[in-house]
Amino acid sequence: MFDIIAVDISGRHMENDEYFMVCAAVSFSISPEHIDKTHKINIRHFISKNAPELTDVVTMVEKTVEGLDPQATIVMEAGDMYNRPQWLAASMFSRDFKYQESLGERRAIEIAHHISVSARRLLKNKCSFNLQSDRENIITK
Amino acid sequence: MKKVIIVQRTDPGSDELKNKRQLSEMKDLAYAGDYYVIGEMIQSRYPDRKYHLGKGKVHELAMAVESLNAVKVIFCNELSSLQLYNITEICKCAVIDKFQLILEIFALRATTRRAKLQVELARLKYEIPRARTIVSHLKKEERPGFMGLGGYEDSYEQDIKGRIARIKDELGHVQNHNESLRSFRHAHGLSLVALAGYTNAGKSTLFNAIMDENVAVEDMLFTTLSPVARSMDVMGRKVILTDTVGFIEDLPHWLIDAFRSTLDEIFFADIILLVVDASEPLDIMHNKLLTCHETLWEQVHDASMITVMNKTDLISRESLNEKMEALRYLIPNTVLISAKTMDGLDDLRQKIRDRLPIWKRKEISMPLSEHSMSVLSWLFKEGVVHSVKYADQIIVDLEAREEIMNKIQSFSVK
């Protein structure tokens, strides 16, 4: 078994003049072919006026993995790090870092991706619900 | 054997070891395609839109083709139809890229109707995005149709699309047949075990060693193209073992789609035996394992995986342990074997047996009658009978799947 933290960031595109990004970090114990255990999930959202750069991605990931197993290796998709070589990406993190390789790691990233997408949608919906209720309040007044 | 020159363009600053490995794999592919490599040319630059290499390098290539009497030039990189056309014009010989070479090899090896259809489908899928450009280049002097307003491009593209649809339809029938065969086998308690792995890992040799068969084996890429399935007995349990086509790095999606009905044998298996050539250097093993994991990803869901480290007779134990330690995050449930010397096959059978779907084990009693004897013979066929005692009743120690247990429950003496 290997301890990893699968990380995925959703919302790296402009929407309503801002980048509303949600980073999900999930701590797993995995084997090469499947996930054995899910330990803990951290979710954080970030808002930016500019497109995130590599250093911004690293900051978002570092902040999200805070409090998760410090011995675990951070695993991400190469695309999330703008396809930079692994040695370069790894040198920017304070923990061990690698790109996804085995089936187990890919499965873990897939789960982190579902979590970040769903959390982002939920946060977005929450905002729109608030707006709706405010309007109703205005009408009833 | 036909003489060929191999050409590789590498991006500046790219991984040199990887480039070397790709070039050497290309040579092996050329050998498998019945070609003899008489020269190689490497250029480090970003691709040119018209010639892929620099124009000067293409002229140098043309001179090499003439002096070495090469009949073909094979590029390691994918070429656009415009690049193919321009290079062919200058070199005055046939020019193909890696994927066309793979298609040629597949065409050479395709013996069954299904394999031939798959190769044809792959070729057409490769051709379709290029069809319009190729035809407009070839026919640029001609103006067909009434008053020269017609064109060949559309009709040729339509022809290809029509042929693709017909082949897909025919392969669909094969796929349906295979699916029903698979569900029939599952319903009869047969588990499916598939051999998967990088090409030339020794899958067919292992298949022959386990099954005592005589499937074609050669030290060459893509020796196996059509899957071969045989039933075997693994410590009392019957399984179907399938030998399949090997994986290769950067296999394009259209090729995987074309060979879907073959690869389904792996994707729907209960157990996948991932065969790895343990005698290769660590970085090559790592890259090949990555390719295997990437190909299996998204297709394989509930299958259990066993990593079969093959060709262990060619390396020392220390070196093997070092490799296994370095790659342990990519190799689940490892078994060390040598298919050639037949070492470790019993361990492999035991590993397969441990991972087969769990059957219930129970002692059942049946009345001593003629009908019970015929039921007993049926039980021998459907499950594993560990022991039979004949007393006032027939007491059978039976291991079988749930459906059989439920059926026999109604018949046994309470």
Being in contact with a strand residue (DSSP E or B) (Cβ under 7 Å, 6 or more places away or on another chain) and more than 17 Å from A:SER116 (Cα to Cα) is the filter; apply it to the stretch A:23-47 and report the residue that is nearest to the other protein chains (Cβ to nearest Cβ).
A:GLU33
For the stretch B:24-134, which helices (runs of 4 or more DSSP H) that fit wholly inside it have 2 or more residues that are touching a residue at least 40 places away in the same chain (Cβ under 8 Å) and farther than 29 Å from B:SER155 by Cβ?
B:55-68, B:98-109
For B:TRP254, are the conditions met, namely being touching a helix residue (DSSP H, G or I) at 6+ places or on another chain (Cβ under 7 Å) and either at the interface with chain A (Cβ under 10 Å from one of its Cβ atoms) or β-branched (Val, Ile, Thr) (or both)?
no
Among the residues in the stretch B:221-235, are any within 14 Å of chain A (Cβ to nearest Cβ) and in contact with a strand residue (DSSP E or B) (Cβ under 9 Å, 6 or more places away or on another chain)?
no
When you scan the stretch B:287-386 for strands (runs of 3 or more DSSP E) that lie fully inside it, which ones turn up with 2 or more residues that are of a type in the set (Lys, Arg)?
B:360-367
If I ask for residues that are basic (Lys, Arg) and under 24 Å from A:ILE109 (Cβ atoms), which ones from the stretch B:252-301 would you list?
B:LYS288
Residue count, the stretch A:1-40, condition part of a strand (DSSP E or B), in contact (Cβ under 8 Å) with a residue 60 or more places away in the chain and surrounded by fewer than 19 Cβ atoms within 10 Å (Cβ to Cβ), comes to 3
Scan (1) of a type outside the set (Ser, Thr, Tyr); (2) more than 27 Å from B:THR334 (Cβ to Cβ); (3) within 12 Å of the chain's Cα centre (by Cα) for the single condition A:GLU15 breaks and write down its number.
(3)
Looking at the stretch B:300-354 only, could you name the residues that are within 14 Å of chain A (Cβ to nearest Cβ) and not hydrophobic (A, V, I, L, M, F, W, C)?
B:HIS301, B:ASP302, B:SER304, B:THR307, B:GLU325, B:ARG328, B:TYR329, B:PRO332, B:ASN333, B:THR334, B:LYS351
Would a scan of the stretch A:80-91 turn up a residue that is more than 14 Å from every other protein chain (Cβ to nearest Cβ) and within 13 Å of the chain's Cα centre (by Cα)?
yes
Limited to the stretch B:224-277, what total is found for residues that are outside any strand (DSSP E or B), buried (at least 17 other Cβ atoms within 10 Å of the Cβ) and not hydrophobic (A, V, I, L, M, F, W, C)?
11
Residues located in the stretch A:92-122, provided they are assigned to a helix (DSSP H, G or I), away from chain B (no Cβ under 14 Å) and over 14 Å from the mean Cα position of the chain (by Cα):
A:LEU122
On the basis of being over 14 Å from B:ALA196 (Cβ atoms), acidic (Asp, Glu) and crowded, with 17+ Cβ neighbours inside 10 Å, does B:GLU280 make the cut?
yes
Unmet requirement for B:ASP343, which otherwise passes all of (1) surrounded by fewer than 18 Cβ atoms within 10 Å (Cβ to Cβ); (2) outside the structural domain of B:ARG237 (by TED's automatic domain parsing):
(2)
So which of B:VAL245, B:VAL228, B:VAL215, B:VAL174 ends up being modelled with pLDDT under 85 and in contact with a Lys or Arg (Cβ under 6 Å, 6 or more places away or on another chain)?
B:VAL174
Looking only at the stretch B:279-295, and only at residues there that are touching a residue at least 12 places away in the same chain (Cβ under 8 Å), facing another protein chain (nearest Cβ under 10 Å) and out of contact with any strand residue (DSSP E or B) (no Cβ under 7 Å at 6 or more places or on another chain), the one that is nearest to B:LEU17 (Cα to Cα):
B:HIS286
The stretch B:321-340: number of residues that are under 25 Å from the mean Cα position of the chain (by Cα) and over 23 Å from B:PHE268 (Cα atoms):
10
From B:GLU403, B:GLU399, which residue is part of a strand (DSSP E or B), away from chain A (no Cβ under 14 Å) and of a type outside the set (Val, Ile, Thr)?
B:GLU399
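The values are calculated or read from the model by the stated rules, or taken from the named source; none is laboratory data. Here the structure is a predicted model, which means the values were calculated and not measured. Virtual Cβ from ideal backbone geometry, glycine too; neighbours counted across all protein chains shown.
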